[in-house]
Structure formats: C-alpha cells, structure tokens
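Undergrad: A single structure is presented below for examination.
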Amino acid sequence: EFSVTTAHTAARIPEGVSFVEAAAFPCAGLTAYQVLFRKMHMQAGQSILIHAGGGGVGGYAIQLARLAGASLILTTASQKSMEHVKALGADVGIDYNKEDTYSRIRELTDGAGVDLILNSVNRATAQEDLSALKFGGQLACIAGAPETVADFQPSSKTFTLHKIMLSGAHGSGNREAEEDLAAMADEFMALMLEKKIKSMVSEIISLEQVPEALTRLSQRHVTGKIVLLLQ
C-alpha cells in the first residue's frame with residue numbers, strides 16, 4: 001500500500017486529474033516525454049517513426065509528437081490497433097505483420113528517411129532503424145541499442161543515438177536528473193489537465209485479475225494502459 005521515495009522526485013496530482021489517470025501515465029508517459037523533449041528536443045515540422053504505437057510509450061509519444069507539430073507521424077502497430085493509433089494522431093500506421101516497415105518509410109519519405117525514431121521494441125529493429133534515419137537524424141532506444149553503430153555505413157550519414165532509461169535517474173546520484181522527474185510529471189499532468197493528452201486507460205482491474213492481465217501484457221496483447229484499483 002505504501003512505498004518510500006524522495007520528496008524531490010514526487011509531483012502533486014492537480015485538481016481535475018484523477019488518481020486512476022495519474023496512475024496510468026508515469027512510466028510510459030514520462031519515458032515518451034523525456035525522449036521527445038529532453039533528449040531529441042523535437043521541433044515543429046520534423047518527421048518521426050514511433051514503434052509500437054498501440055502500447056503505452058508509443059501511444060503517449062504519438063500524442064506528444066502531434067502537440068509538438070510533427071510534419072509526419074509514422075507508427076508500427078498490429079491491425080487491431082490501427083484505429084487506436086490514428087485516433088491518437090498518427091498519420092500512417094504500418095502493419096508490421098503484413099508490411100515491410102522500412103520499405104514503407106522509404107516510400108513515404110521519397111527515400112530520405114525520418115528525422116526521429118523512437119524504438120521501444122528490441123535491439124534488432126533498432127539496428128535496422130539506422131538505415132531509416134534522415135541525414136543528421138536521431139534514434140532513441142529503450143529496449144536495446146544497435147550493436148554496430150561504429151561500423152554503420154555509409155559513414156557520411158551522420159546520426160545521434162540516445163539510450164533511454166527513465167528510472168536511471170533514481171540511482172544516478174544526480175540531483176538535477178532526479179528533480180527533473182518531478183518537473184516532467186508536472187508538465188505532463190498540465191497537458192492532461194488541458195485535455196491535450198489522453199491518459200489512455202483502457203481497463204481498470206481488481207487484484208484478482210492481475211495474473212491474467214500480466215500475461216496479456218507479456219504477450220503484447222494490450223492497447224493503452226491497465227490500472228489496478230484496490231478497493
């Protein structure tokens with residue numbers, strides 16, 4: 001029921017944001033927020049590929065990219081999640097079960113690639129992402145970075161790589177990084193309060209339903225966010 005944390009990493013839930021909404025966003029939402037605005041410093045007019053748009057990080061990232069004024073938002077998703085990602089603001093959904101993601105990117109960008117990529121899938125796709133970046137583009141990885149960055153060809157195609165671990169701030173010993181967790185949460189909830197970001201709560205479950213829900217999460221069969229409500 002309780003957990004100890006440091007006061008300077010905590011953010012107050014404002015009136016107008018429910019406890020359920022506040023419970024849904026921190027890990028996934030702040031990961032997406034940190035990637036787009038603290039690491040890649042996304043600007044209006046840039047294009048972005050967001051992997052796994054039906055999931056938590058991807059879904060929040062789509063909304064944030066739309067708020068930032070992205071010129072083109074591409075996302076990979078299963079067919080059952082297509083309507084969901086489009087409703088969040090994606091311009092194009094790429095069905096990774098039926099389409100070649102990188103061929104579609106080349107087609108949609110006239111071969112130039114995208115400015116930004118957010119990869120929350122695995123190391124293998126992150127490696128392939130390098131070829132889909134525009135000159136000077138940025139790749140942010142959550143679930144494993146490319147292995148052969150130093151040997152990537154052509155060498156004339158420069159890029160920036162970000163390795164993301166939101167929770168790393170807690171053990172970093174860096175007070176500024178720790179305080180920024182609270183600052184980002186304040187900024188994120190302000191957007192929720194203004195109805196600019198959806199909490200994406202798709203289910204509210206009881207304690208007894210947790211094992212089944214965890215199984216679905218592990219199999220990537222969940223769209224949006226599940227919140228456990230203890231009565």
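Undergrad: Could you tell me the distance between the Cα centroids of region 197-218 and region 15-56, to the nearest Å?
TA: For region 197-218 versus region 15-56, the Cα centre distance is 19 Å.
Undergrad: Quick one: compute the contact order of the chain, relative version, from alpha carbon pairs under 8 angstrom and 6+ residues apart, as a percent.
TA: Computed over the chain, the figure is 23 percent.
Undergrad: How high is the FRET efficiency between GLU178 and GLU208 when r is their beta carbon distance and R₀ equals 45 Å, given to the nearest 0.05?
TA: The calculated FRET efficiency here is 0.80.
Undergrad: Taking one equal scatterer on every alpha-carbon of region 77-179, how large is log10 of I(q)/I(0) by Debye at q = 0.15, 0.20, 0.21, 0.24 1/Å?
TA: One equal scatterer on each Cα of region 77-179 leads to -0.74, -1.10, -1.15, -1.31.
Undergrad: Separate question: From the list [x] 27; [y] 20; [z] 17, can you say which value of percent of Cα pairs over 33 Å apart was derived from the structure given?
TA: Only one listed value fits the structure, namely [z].
Undergrad: Then there's this: In units of 2.2 N^0.38 Å, what is the alpha-carbon radius of gyration of region 128-231?
TA: 1.48
Undergrad: Further, regarding this structure: On the accessible surface of region 73-135, probed at 1.4 Å, how many percent belong to carbon and sulfur atoms?
TA: Solvent-exposed carbon and sulfur of region 73-135 make up 46 percent of the total.
Undergrad: Provide the per-residue ³J(HN,Hα) series for region 8-24, in order, calculated from phi with Karplus coefficients 6.51, -1.76, 1.60 and θ = phi - 60°, each as a whole number of Hz, with x at glycine and proline positions.
TA: 6, 9, 9, 10, 7, 6, x, 4, x, 10, 6, 4, 5, 4, 5, 6, 6
Undergrad: Using Cα-only point scatterers and the Debye equation, what is log10 of I(q)/I(0) for region 183-231 at each q in 0.19, 0.30, 0.31, 0.32 Å⁻¹, rounded to two decimals?
TA: Log10 of I(q)/I(0), two decimals: -0.74, -1.02, -1.06, -1.10.
Undergrad: Quick one: of LYS80/LYS134; LYS86/LYS196; LYS98/LYS195; LYS86/LYS163, which pairs are farther than 25 Å apart, Cα to Cα?
TA: LYS80/LYS134; LYS98/LYS195; LYS86/LYS163
Undergrad: How large is the helix-only mean residue ellipticity at 222 nm for the chain, computed as the sum of -39500 (n - 2.57) over DSSP H runs with n ≥ 4, divided by its residue count, in deg cm²/dmol to the nearest 500?
TA: Computed mean residue ellipticity for the chain: -9500 deg cm²/dmol.
Undergrad: Per residue, how much accessible area does the chain show when a 1.4 Å probe rolls over the protein heavy atoms, in square angstrom?
TA: Using a 1.4 Å probe on heavy atoms only, each residue of the chain averages 52 Å².
The values are calculated or read from the model by the stated rules, or taken from the named source; none is laboratory data. Everything quoted here is computed from the prediction, not taken from an experiment. Counting neighbours? That spans all protein chains shown, and the Cβs are built from the backbone with ideal geometry, glycine included. All accessible areas refer to the heavy atoms of the entire protein, side chains included, with ligands and DNA or RNA removed. Shrake-Rupley method; radii C 1.70, N 1.55, O 1.52, S 1.80 Å.
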